[in-house]
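Taken together, the values in this text are just the output of simple stated rules run on the coordinates, not laboratory data. Bear in mind that the values here come from a model prediction, so they are computed numbers and not experimental data. Note: ideal-geometry Cβ built from the backbone for every residue, glycine included; neighbour counts use all protein chains shown.
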Amino acid sequence: MREYKLVVLGSGGVGKSALTVQFVQGIFVEKYDPTIEDSYRKQVEVDGQQCMLEILDTAGTEQFTAMRDLYMKNGQGFLLVYSITAQSTFNDLQDLREQILRVKDTDEVPMILVGNKCDLEDERVVGKDQGAKLAQSWDCGFVETSAKAKINVNEIFFSLVRAINKKNPDTRGGKKSGKSKSSCTLL
């Protein structure tokens, strides 16, 4: 079974933990409790293949930025999350993306831009078109989600697995060489 290291990044309070916990445990975390770093494992089936996802839910607060380089280096795919109700959280993502590309020393990394809290349409300040336009300029996927209303939560994680498979169809690191039946590749 192929393993995937997924990293959830974004400013504090955008709903990174809420999305992760909703995906892994199927519950919505109502209260905001700033994360330092939490790791989750979940076995899922993507396109008929079993996959083990290791999801790192990261700190959005500035005091933990020193840990970022390490998980950016080890991560295979990234969910860049902002809140549709806070423009600053959208603006912060450019720097995060540049840091990922610098740490990975590449200009192409599997990532999905995630506009969270789409259930709060009345409080929206970041337009859907803004998210779509940014994702297009980054050549990555874009999805609006709601951890609370369970909208597109599974989709963002599955889309990220597919993006990793597209970039790296074979498993690396010596565990298995060549194509494998359990590589979760799109057919």
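Over the range 1-53, what is the relative contact order in whole percent, taking alpha-carbon pairs under 8 Å and six or more residues apart?
Working: 47 pairs, mean separation 22.1, N = 53.
Relative contact order comes out at 42 percent.
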* Asked: With no solvent and one point on each alpha carbon, what is the Debye value of log10 I(q)/I(0) for the range 18-117 at q = 0.17, 0.22 Å⁻¹?
  -> -0.91, -1.47
* Among [x] 106, 24, 9; [y] 25, 18, 16; [z] 27, 23, 17, the entry that matches semi-axes √(5λ) of the Cα gyration tensor in Å as calculated here -> [y]
* With Cα atoms, 0 to 90° folded angle of helix 93-104 axis to the chain main axis -> 20 degrees
* Asked: Against the longest principal axis of the chain, how steep is helix 128-138, in degrees 0 to 90 to the nearest 10, with axes from Cα atoms?
  -> 40 degrees
* Structure fact -> For the pair Asp122 and Glu155, the simple spin-label estimate (label points 7 Å beyond Cα toward Cβ) gives in nm 2.4 nm
* Structure fact -> One can check that the equivalent ellipsoid of the range 71-150, built from the alpha-carbon gyration tensor with semi-axes equal to the square roots of five times its eigenvalues, has lengths in Å, largest first, of 23, 12, 11
* Asked: For the Cα atoms of the chain, what angle does the longest principal axis make with the long axis of helix 153-167, in degrees from 0 to 90, nearest 10?
  -> 40 degrees
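Pull out the extension gain between Phe28 and Lys104, defined as 0.36 nm times the separation in residues minus the alpha carbon to alpha carbon distance; nm, one decimal. It would help to have the intermediate numbers written out before the result.
Working: separation 76, 0.36 × 76 = 27.36 nm, distance 3.24 nm.
That works out to 24.1 nm of additional length.
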* Asked: Given the C-alpha centroids of the range 131-158 and the range 88-107, what is the distance between them in whole angstrom?
  -> 17 Å
* Assigned charges on the beta-carbon of Lys, Arg, Asp, Glu; the range 1-118 dipole about Cα centre (debye) -> 120 debye
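So what is the relative contact order for the chain, in percent, with contacts set as C-alpha pairs under 8 Å and at least six apart? All intermediate terms of the calculation are to be shown ahead of the outcome.
On the way: 363 pairs, mean separation 46.9, N = 187.
Computed value for the chain: 25 percent relative contact order.
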